[in-house]
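Enquirer: Quick one: the structure is below, questions incoming.
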Amino acid sequence: MEEKFRPIVEHIFNNWTALQLAVEHSMGGPNSRNLAVDFVDEIARYCVEEANVDVSDIQDELEGVMDEWFDTLCEDNSPAEIANLLFRFLSLLRDGNTAQCELEYQNLPTCKLWLSKPQPAPKSEATCSNNSQEQDSTDVPMEEDSEWTEVKSRKRR
């Protein structure tokens with residue numbers, strides 16, 4: 001069931017403004033986009049594997065991940081809205097009502113697909129980035145000294 005539910009989660013998350021802003025502003029660090037992709041997998045897995053999951057459980061999980069992974073607290077009630085949507089689709093799939101699930105999925109707002117599994121970089125770009133890393137590594141390393149050094153002025157007063 002997870003393979004049917006994951007695309008639904010991804011579609012809903014693609015429309016979630018709070019998550020998109022958190023990723024755009026690198027609230028999860030330099031790999032925020034990858035964290036968001038992992039977030040989709042995490043929520044899909046959580047919803048499917050938890051036997052008696054309800055809307056409040058999903059909402060708590062959404063809020064927890066947004067706080068822990070992206071250092072973001074959603075004050076717009078969006079986690080509750082997302083949780084309700086996810087629970088609705090999860091219930092339809094669990095009840096075996098795939099036709100209704102497909103119909104409601106088609107009625108979801110269309111979105112820009114900014115959140116999908118990253119594609120491997122072409123070799124030419126990887127080669128360029130390796131060259132720049134090699135240039136950085138040829139810099140003179142800084143001396144590490146654990147003691148303080150007093151710097152005196154050259155001018156006499």
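The values are calculated or read from the model by the stated rules, or taken from the named source; none is laboratory data. For clarity, every value in this text was computed on a predicted model and none was experimentally measured. Counting neighbours? That spans all protein chains shown, and the Cβs are built from the backbone with ideal geometry, glycine included.
Enquirer: Looking at the range 33-59 only, could you name the residues that are of a type in the set (G, A, S) and surrounded by fewer than 19 Cβ atoms within 10 Å (Cβ to Cβ)?
Expert: In the first step, residues of the range 33-59 are kept if they are of a type in the set (G, A, S); the result is 36, 44, 51, 56.
Across the range 33-59, the qualifying residues are A51, S56.
Enquirer: As an exercise: evaluate L108 against (1) in contact (Cβ under 8 Å) with a residue 40 or more places away in the chain; (2) surrounded by 15 or more Cβ atoms within 10 Å (Cβ to Cβ) and give the number of the one condition it does not meet.
Expert: The failed condition is (2).
Enquirer: Let me ask another. Can you confirm whether Q59 is over 13 Å from the mean Cα position of the chain (by Cα) and of a type in the set (S, T, N, Q)?
Expert: yes
Enquirer: I would also like to ask the following. Regarding the range 64-86, can at least one residue be identified that is at pLDDT 70 or above, on the phi > 0 side of the Ramachandran plot and assigned to a loop (DSSP other than H, G, I, E, B)?
Expert: Yes; the residues of the range 64-86 include at least one that is at pLDDT 70 or above, on the phi > 0 side of the Ramachandran plot and assigned to a loop (DSSP other than H, G, I, E, B).
Enquirer: Quick one: what pairs do we get from the range 1-28, first residue closer than 19 Å to E68 by Cβ and free of Cβ contacts under 8 Å to residues at least 24 places away in the same chain, second among the hydroxyl-bearing types (S, T, Y) and assigned to a helix (DSSP H, G or I), C-beta under 7 Å, 6+ apart or different chains?
Expert: Once the first residue is closer than 19 Å to E68 by Cβ and free of Cβ contacts under 8 Å to residues at least 24 places away in the same chain and sits in the range 1-28, its partners that are among the hydroxyl-bearing types (S, T, Y) and assigned to a helix (DSSP H, G or I) give S26/S32.
Enquirer: Considering only the range 45-79, state which residues are closer than 22 Å to P7 by Cβ and among the aliphatic types (A, V, I, L, M).
Expert: V48, V53, V55, I58, L62, V65, M66
Enquirer: Right, here's the next one. Out of all the residues in the range 25-43, is one or more of a type in the set (S, T, N, Q) and on the phi > 0 side of the Ramachandran plot?
Expert: The answer is yes; a qualifying residue exists.
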